[in-house]
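I have placed the structure first, in the form of structure tokens, so that the comments after it can refer back to it.
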Amino acid sequence: MSYLVNNIRRFARELATHPQEIPKRIGGALKVKLATGTHELLAATGAGKVVGARYRGRGIALMFHEIHEDVEAGLRMGCSPGQLRRALAAMRAQRRDFVTPDEALARLADPEARDFVVLTFDDAYRDNRILALPILEEFGAPMTLFTPTGMVTREIYAWWLGLRALFLQNEAVDIEAMGQRLVCGDGPSRNAALRHVTTWIGTDLDRAEALKATFARYGLSLPQLVAEVAMDETELRAFAAHPLVTIGGHTTTHRFLSRLDDDTARRDIADNKAWLENLLQKTVRHFAYPYGSAGACGAREAGFVREAGFASAYSTRTGHLFPDHLKTPYLLPREDAGAHQSAAQLKNRLSGVNRALATGFGNPIAGLI
């Protein structure tokens, strides 16, 4: 045991002293997927602070979705109130101010401005109002709710909610489009099945659409599932009136924009903005892509967002915010602080280490690539 501990300490010292050597020492595989032990090691030692220094931006945008009292019952499709509170406390400890997206753009342009954090929540889940808002009030922290029209009108094809219901309600599920039968009789197997199908879908719109037959065969009503978890028009109007809340755009249908033709993608973005502004009688200035990876949105989609009249747009590319992002304000990065994750993984996202690891110690500034 002492041999192992001494080796870990020696490795940590080497990481702290020569971070540029990490890719050579731990291999190219970490550029794609990092071992949990690496996150734990960097979070627990001074090496993490050194590695993250280059990747720590003037600002950071944090992404959340659902907030669950029982994360396991929700198949980890969200985080606990405790994780949200820990993330906010960590931002305060970093002496970052909680700001709106408008203020974020202003601070990136001002070399004298204090460091900041933008809190974003996607999809208009009702628990954002019930569970998240009281915590935000404790911290005096504004938040932006990126809202797809279809979640509020119950017209969205929420395949991810359908999958969760499938695996929660059945001990075995046949996915015809995959040609697979997935056994899900306990928590770990349900979680594994959900991740397996989600990974299979990737950014393929056709694969997501192919699940409709499965949902129908198991008697699932997606509009009902959406109604159980998402705000309606009355709730959204009331929520938008809160002084800490900003509403942002998130498309009409919550589809993979990169898989839509030009006209359809443009309408999906612009119609959502018009619908929200009509409902709320407020200008909607900021946007988040429903799927924000490099395969789901890029320069074309950024152009459509700009044409629609938004001031900025957030992706899901990992990274912090730097002044250089003002050159590409329609593909701003966000760190996923709302996914179920270990304390070490969360710490590394907040410190900049996650960007370093995910890119193989490449460019700190996330953008088109």
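We did not get these values from a lab; they are worked out from the coordinates using the rules stated. What you are looking at is a predicted structure, and each value in this text was computed from that prediction instead of being measured. Here the Cβ positions follow ideal geometry from the backbone for every residue, glycine too, while neighbour counts run over all protein chains shown.
Only alpha carbons enter this Debye calculation for the range 151-282, each as an equal point scatterer, and the log10 of I(q)/I(0) it gives at q = 0.09, 0.18 Å⁻¹ is -0.33, -1.04. The tail of the calculated P(r) for the range 160-223 beyond 13 Å holds 58 percent of all Cα-Cα pairs. Highest GNM mean-square fluctuation among 191, 278, 128, for the chain modelled with Cα contacts below 10 Å: 278.
Relative to its Kirkwood radius, the Cα radius of gyration of the range 53-99 gives an Rg/Rh of 1.07.
Taking amide H as placed 1.01 Å from N in the peptide plane, residue 64 has its amide H under 5 Å from the amide H of 120, 121, 122, each at least 5 places away in sequence or on another chain. By DSSP, the beta bridges lying fully in the chain are antiparallel in about 20 percent of cases. Considering only Cα atoms, the convex hull volume of the range 211-369 works out to 161 Å³ per residue.
Only helices enter this figure: runs of n ≥ 4 DSSP H residues, each worth -39500 (n - 2.57), summed and divided by the residues of the chain, yield -13000 deg cm²/dmol at 222 nm to the nearest 500. In a DSSP loop and with at most 16 other Cβ atoms within 10 Å, the trypsin sites (Lys or Arg not before Pro) in the range 261-369 are 282. Counting every other Cβ atom within 10 Å of each residue's Cβ, 228, 235 order from fewest to most as 228, 235.
Taking 0.36 nm per residue of separation and subtracting the Cα-Cα distance, full extension of the segment from residue 294 to residue 170 would add 41.2 nm.
Entry for the chain at q = 0.12 Å⁻¹: log10 I(q)/I(0) = -0.94, Debye formula applied to identical alpha-carbon scatterers, no solvent contribution.
Restricting attention to the chain, lysine pairs at least eight places apart or on different chains and with alpha-carbon atoms under 20 angstrom apart total 7. Work out the P(r) tail for the range 260-311: percent of alpha carbon pairs separated by more than 16 Å, whole number. Taking all Cα-Cα pairs of the range 260-311, the fraction more than 16 Å apart is 38 percent.
Using a cutoff of 8 angstrom between alpha carbon atoms and counting only pairs six or more residues apart, the relative contact order for the chain works out to 23 percent. The chymotrypsin sites (Phe, Trp or Tyr not before Pro) of the range 149-245 that DSSP puts in a loop, and whose beta carbon has at most 15 other beta carbons within 10 Å, are 218. Restricting the trypsin sites (Lys or Arg not before Pro) of the range 59-155 to loop positions (DSSP other than H, G, I, E, B) with no more than 10 neighbouring Cβ atoms within 10 Å leaves 95. Picking from 97, 263, 324, which is most flexible by a Gaussian network model of the chain using Cα springs under 10 Å? Fluctuation is largest for 263.
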